[in-house]
Amino acid sequence: MKICKQIDQYIEFVRSDEAVVCEEQLLLCNFVEKVFTEEDVYVDKEQLERYLGLEKYFPYKLLPWEQFCFALHNCVYKREDGQLRFPYLIILVGRGAGKNGYLAFEDFALVTPVNGVKEYHIDIFATSEDQAKTTFEDIYNILEDNKRFFKNTFKWNLECITNIRTRSKIKYHTRAPDTKDGGRPGKVDFDEYHAYKDYKLIEVATGGLGKKDFPRRTVISTQGDIRDGPLDELLETCLQILKGEIPDNGKLPFICWLDDPEEVKDEEKWQKANPSLRNFPTLLTEMRMEYEEYKLDPVNHTSFMTKRMNRPPGETQYCVTDWKNLEKATRSLPDLRNHSCVAGIDYSKTNDFVAAGLLFKVGDKRYWMHHTWVCKKSRDLPRIKYPLKEAEEEGVLTMVDDVEIDPEYVTDWLLEKSKLYKIESVVMDNFRQTWLREALGKIGFSDEKKNLKLIRPSDEMKVAPVIGYMFARGLIAWGTSKIMRWYTWNSKAVTDKKGNVTYEKIEPRSRKTDGFKAFVAAVTDEERIKQRRIIKNRIGTVC
């Protein structure tokens, strides 16, 4: 069937062999055709052409998918009452697709006389001022670049853009506007809808719609980290509409994402999430770089899946890093005598494993000097497959023939190391800290001296990106013993629904993580490490 050029051409493309699109795009095309087949609606083609004629003032042209959305949202009317058929547009596309550019053109067009409605005010909302200003500033800059042409048709400043002939205003907000200014909008926009945690502002912002003819809403967004919020609920409604399970109630859902997260491995499939990618080669180059970062460290680069592919991982579990990165870290340490460092301790069970270490930082490189104590009475010893005897021979492990590991084993080790290195602080888990606190006080580490730090899971969350970066860039070395490699491989990075990362055990009894947890503890206080001044001369580099 023929509807109009802008709609027909996009539908033809989506169904062609050339297109790489998600299932929701195919469903959308079926949905649109069904509306035009079963309902008495029409496209105001003359109005559409006049709107698109405004493109000449913009430094870009609308892409086919944008023309498709624009035509349906702004120029399709019901013959019965003359109202808009699709007054509510939802656009979910991957970051970089140009959704703000689309919105800038749409808002600019709707405040002109082509719309035919006087004082058709447009309110742009976002949860941050920078985001709320993005579309506004796009329009502002176009007016600034064409001052001589627009001086008789527009007035503008950094807070409000007004079309003189229609008296229609465009403003941006991060909170509810004053009633006198924002109580009678013609259109309301929501930018980055994923950032809204509840409906408070959304309800206030849309409460004034309907007082002007042809009220509209436009939502533009990528996916985000907030789950079960307004975006998730809106998308669930959109999917039901596309599947024909519920009436659309004026909503037009334009959804682009990967059909399956595994498709991220196929670069061609990225177009499913970003319908502009085939037209933006520079964006493709940037995404390739980001993908390589994601592969190296998926724990701390979840935004690639969330923002670029619109497939947030939710609560996921990954290895802390790639095995090759652990192999790189298993290398000799340099001479660090007299260097500043911080100590980290993990002692979750005194009748099992206890680990401690010193973290050094030289430039952007980190070095980890560690030791482990193992209680011979531990019930888990028969389950452990790592060759503990080998670690003992390497001098990084001590077997303790007692019912538990006395705190003095740890403090004696720290005291001995303090003769060679400057230990700035000791960091340990807040859980069961009383076991070590008294012993540490005896060797000079206490709350009173402000060189004893007790950490919580929230501290781990803060340093997870740093740890991921260390491994991905090969910036950490922990000696030639393989026990740290074993500890780290036994750990998993757990990302919660908000994107926060904590480290947990893969299997608590046979796969120990104590050495890695001690290392993480030390990283939380690495800013205390005093960097040695590097002096370059003709002979070489000295500290």
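Couple of notes before you dig in:
- Test: residue in region 160-173 that is surrounded by fewer than 17 Cβ atoms within 10 Å (Cβ to Cβ) and modelled with pLDDT under 95: no
- Helices (runs of 4 or more DSSP H) fully within region 398-501 that include at least 3 residues being under 26 Å from ASP364 (Cβ atoms): 457-473, 483-489.
- In this structure, GLU438 does not satisfy being exposed (fewer than 15 other Cβ atoms within 10 Å of the Cβ) and within 29 Å of the chain's Cα centre (by Cα).
- The one condition from (1) part of a strand (DSSP E or B); (2) touching a Lys or Arg at 6+ places or on another chain (Cβ under 9 Å); (3) of a type in the set (Gly, Ala, Ser) that SER348 does not meet is (1).
- Residues that are assigned to a helix (DSSP H, G or I) and buried (at least 18 other Cβ atoms within 10 Å of the Cβ) within region 32-63 comprise VAL32, PHE36, LEU48, TYR51, LEU52, listed in sequence order.
- Verdict on PHE125 being surrounded by 24 or more Cβ atoms within 10 Å (Cβ to Cβ), over 22 Å from LEU72 (Cβ atoms) and in contact (Cβ under 8 Å) with a residue 40 or more places away in the chain: yes
- ASP322 being charged (D, E, K, R), buried (at least 19 other Cβ atoms within 10 Å of the Cβ) and closer than 26 Å to ASN500 by Cα: no
- Taken together, the residues in region 194-219 that are under 29 Å from GLY499 (Cα atoms), crowded, with 21+ Cβ neighbours inside 10 Å and touching a residue at least 60 places away in the same chain (Cβ under 8 Å) amount to 4.
- The one condition in (1) modelled with pLDDT of 90 or more; (2) closer than 19 Å to GLY468 by Cα; (3) aromatic (Phe, Trp, Tyr) that PHE353 fails to fulfil: (2)
- Subset of region 502-513 (residues that are acidic (Asp, Glu) and outside any loop (DSSP other than H, G, I, E, B)): GLU504
- Positions within region 243-259 being surrounded by 20 or more Cβ atoms within 10 Å (Cβ to Cβ) and either over 17 Å from the mean Cα position of the chain (by Cα) or of a type in the set (Ser, Thr, Tyr) (or both), in sequence order: LEU252, PRO253, PHE254, ILE255, CYS256
- For LYS133: the one exception among (1) of a type in the set (Lys, Arg); (2) closer than 26 Å to LEU239 by Cβ; (3) in contact with a strand residue (DSSP E or B) (Cβ under 6 Å, 6 or more places away or on another chain): (2)
- Subset of region 37-51 [over 16 Å from LEU84 (Cα atoms) and touching a residue at least 24 places away in the same chain (Cβ under 8 Å)]: THR37, ARG50
- Restricting region 454-505 to residues that are over 24 Å from TRP373 (Cα atoms) and of a type in the set (D, E, K, R) leaves a set whose member that is surrounded by the fewest Cβ atoms within 10 Å (Cβ to Cβ) is LYS498.
- When the test is whether a residue is outside the structural domain of LYS497 (by TED's automatic domain parsing), of a type in the set (A, V, I, L, M, F, W, C), out of contact with any Ser or Thr (no Cβ under 6 Å at 6 or more places or on another chain) and surrounded by fewer than 18 Cβ atoms within 10 Å (Cβ to Cβ), PHE105 does not pass it.
- Some residue of region 304-315 being of a type in the set (A, V, I, L, M, F, W, C), farther than 25 Å from LYS99 by Cα and outside the structural domain of MET470 (by TED's automatic domain parsing): no
- Region 382-431 - residue that is without any contact (Cβ under 8 Å) to a residue 60 or more places away in the chain and among the hydroxyl-bearing types (Ser, Thr, Tyr) and, of those, farthest from ASP346 (Cα to Cα): SER418
- Close pairs from region 322-333: first closer than 12 Å to LYS482 by Cβ, partner at pLDDT below 90 and of a type in the set (Ser, Thr, Tyr), Cβ under 9 Å, at least 6 apart: ALA329/THR321
The values are calculated or read from the model by the stated rules, or taken from the named source; none is laboratory data. Computed from a predicted structure; not experimentally measured. FYI the Cβ positions are ideal-geometry reconstructions off the backbone, even for glycines, and counts take in every protein chain you see.
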